[in-house]
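Just below is one structure, and these are the notes that go with it.
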């Protein structure tokens, strides 16, 4: 069904509204839904320019039972920003002001549409940075990072986005504006609504302002690369490094296949071997930490470990940051499907890598593996021929196998990309029916009409295609 | 009113139940309620010994609309564990097993009644520790720390309790057992119920098992003490230290009055001056960090800064840890009232200290100030003659003034002790009516009959003395 959204034209907004097909189609999908042709075209797009706009639109939509799906850069990976039930796509990218920096308190106030790199650039003017920044900093918005509880390469040392958000302004489904959290660095005052909103994928409220915590830039930064004879050695070295407590700021694994794809895309001259990319942050004594790390690598038959020049390291990190594109471009006949992001306790990380590679080999599917190894987090994508039904089915199986195995080992279906539409079937398996029931209860309490990003997070019901009845 | 709790005798429990007056009176109050004579005697006390026990009791109480207030060591500071509406006090201290340690994953599974020091002692066997441990480690339980989102001296470096809890088993009001969180170190799978339960003071569910994250013990630990000519210098030095990014693991301020009280109690020979106690943790290069810190102190006219021997430092930290007792014992004619725990952004910390001291002087009240300065957190207590009505009123005013001023400066009414009964009047002022309404909605969704620790967190209503109607 479609919704009559003509009421948007009658609202007094600072921002704009469009019913044009091209604008609507531009808001049909996120990265993965785009690839897979799974977009849903909204009935209207609105670009709010203030908290008042967001409130006005939500109040009016709420009155009329019209779904509203927040949208920003569209870089989510699980269909999180797809307007699954049509209605309004609320594009937050015009609310993109840096509002205030308070360097004495290591704090920055931003609107949700600010791009990640703008936050880091603004912070850098004060000798600071935003530690949990995802690799997609220059493609993604802070708002998107918050509502998906994103994480990044430096999460192994500094934690995830949730750990660096102090306060949020939220507009609720009915247009009510509230604040959660505190500008104090710790609080135990009342229920922690801030962390409930973080990672809720726009289903409980729309973030309209965030106070982020920043960190001083370290005085010493050095990056390097280790090359191994086998994936097994590399994965075991990751586990041992984390277990040793070595102070690394990034600890990324890249398998030979991902390395080959990066070479094809960038011509960066990576060896055809399992690699670890690493970065160290310190105010002093960085050499001692690097040597400590070297002893761990040596215990795992490292073939080569070298600290790179800053220029060479920039090139390597760029290759790592843009691996998703390299995978996309690798073979014109193959498309990446099911980009994965599972996380397990670090002791299970080598097993998970072995399992994923073995299953991919059985299915005869190319499965480049990479990601934030230090967090026990692996990213992967199955490369498939979209016209080959058997291959599609095998990729589906492979995907299910890996997620289920991660959950089985005490891990999570998604470390940093959320549930969206793509992983709803795993929610109950991971958390249990009772826990999901509580989540539904909270959704019903905050958004009883289910107008905020309906069709996400919660498992499909028998009435799939109809908006969820949360009372069930 | 009282509740007929005789049904408890008919339940098949591993644990025990008592209706004896002495047992009931032992569960009437927490530390502060005890001091102030504000306890409420429950109708029965039950000591569950398993998750099944907790579930059985809650299911039966839920059916009968009988309030259940979880109780552990009774060391809370805001009446959090007082059974305000009588009914059942559920004493968790018999569920005190360490269930499993997984050193490879830096994880420990514990029951809620395990004492803090047992966690640290068990972790130490594996070269690890629980970083956010409160000063009351050997007096308080892990369960109490979790549901109040406690914090400690090392929070300035490592974060609060919430940051180190990975997974919780919870029994809901109706007896349903659920799990929240993940044993993976990061997850963005579904709503973050774990952090909603943390700090909810037993009003949303009863914690029956926790997976905590541990940290490797640092190879180098050094502590020291700085002495200042004025409180102003000391407070400004704290602010400057935090702003500089110096890597301190503890950063505690002690005012001359608190120092005097510690001397009277312990005979530790502290000077009658403003002091900072500090501790550094590092794997190497600790001397460089200490020298960096010294340059900051010098810029604030430090009178003396010395690194102490381990023995002397143990003595100093013990004096710091037990300041609450020293304050209690200081003058037989005076009682501590309104122990405070407000937190502000660090740039406001010197102002807050100045404000508190000035207001105390105006009111002619002894107000020792101390606490986790590096977090912008100040602890204090007003010493009053309980028979002096004017003094009691002045202490009430002083208390209100300080909390309101902290909120005014972007801070929080409570950094680590929760709202309980004591700070309910500040909840709306801090968060706004809309936010509190959402909190009420969540309480109603999880505990519609308001049987779990009723009378806490939410502001008093016109129907004070009657259990809260959450639909309002």
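Numbers below:
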item: Acute angle (nearest 10 degrees) that the helix A:389-408 long axis makes with the longest principal axis of chain A, alpha-carbon atoms; result: 80 degrees
item: Between segment A:5-68 and segment A:379-397, the alpha-carbon center distance in angstrom; result: 33 Å
item: Inter-chain shielding of A:170-177 (mean C-beta neighbours from other protein chains, 10 Å cut-off); result: 2
item: Chain B - mean residue ellipticity at 222 nm from DSSP helices (-39,500 (n - 2.57) per run, n ≥ 4, rounded to 500); result: -10000 deg cm²/dmol
item: Calculated diffusion of segment B:6-94, Stokes-Einstein form, Kirkwood radius summed over Cα pairs, 10 °C and 1.306 mPa s, µm²/s; result: 124 µm²/s
item: Burial order of peptide ranges A:96-109, A:253-266, B:203-216 (average beta-carbon count within 10 Å, highest first); result: B:203-216, A:253-266, A:96-109
item: For residue B:21, inter-copy label distances in nm, listed shortest first [label point 7 Å out on the Cα-Cβ vector]; result: 8.5
item: Cα centroid of segment A:77-100 to Cα centroid of segment A:181-245, whole Å; result: 23 Å
item: Segment B:231-297, Rg to Rh (Cα coordinates; Rh as Kirkwood inverse mean 1/r); result: 1.03
item: q = 0.06, 0.11, 0.12 Å⁻¹: log10 I(q)/I(0) that the Debye formula gives for chain A, counting C-alpha atoms only; result: -0.26, -0.91, -1.08
item: Share of alpha-carbon pairs per 10 Å distance bin for segment A:98-216, given as whole %; result: 15, 50, 31, 4, 0
item: Order of A:380, B:3 - criterion: other Cβ atoms within 10 Å of each residue's Cβ, fewest first; result: B:3, A:380
item: Relative counts (whole %) of C-alpha pair distances in segment B:220-408, using bins that are 5 Å wide; result: 1, 8, 17, 20, 20, 15, 10, 5, 2, 1, 0, 0
item: Volume in Å³ per residue [convex hull over Cα atoms, computed for the protein assembly as shown]; result: 161 Å³
item: Fewest-first sequence of B:59, A:201, A:306 by Cβ atoms within 10 Å of each Cβ; result: A:306, B:59, A:201
item: Cα-derived Rg to Rh of segment A:331-426, Kirkwood definition; result: 0.95
item: For peptides A:412-419, B:277-284, sequence by mean Cβ density within 10 Å, most packed first; result: A:412-419, B:277-284
item: Distances in nm from residue A:318 to the matching label points in the other copies, shortest first (labels 7 Å along Cα to Cβ); result: 6.1
item: Per-residue average of Cβ from other chains inside 10 Å of B:198-208; result: 2
item: In Å, descending, principal axis extents of the Cα set of segment A:219-330; result: 40, 31, 18
item: 0 to 90° range, to nearest 10: angle between helix A:310-321 axis and chain A longest Cα axis; result: 50 degrees
item: Whole-angstrom gap from segment B:348-366 to segment B:102-141, using each part's C-alpha centre; result: 36 Å
item: Percentage of interatomic Cα-Cα distances in segment A:141-281 larger than 19 Å; result: 63 percent
item: Kirkwood-type radius of segment B:312-380, with distances r between different C-alpha atoms, in Å; result: 13.2 Å
item: Calculated P(r) of segment B:112-172 - Cα pairs past 18 Å, %; result: 29 percent
item: Label 7 Å beyond Cα on the Cβ vector: residue B:219 copy-to-copy distances, nm; result: 2.0
item: Within 10 Å of each Cβ in A:340-351, the average number of Cβ atoms from other chains; result: 4
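Here, each number is a calculation from the coordinates, and none is a lab measurement. Fair warning: this is a prediction, and the values are worked out from it, not measured in the lab. We place every Cβ from the backbone using ideal geometry, glycine too, and count neighbours over all the protein chains shown.
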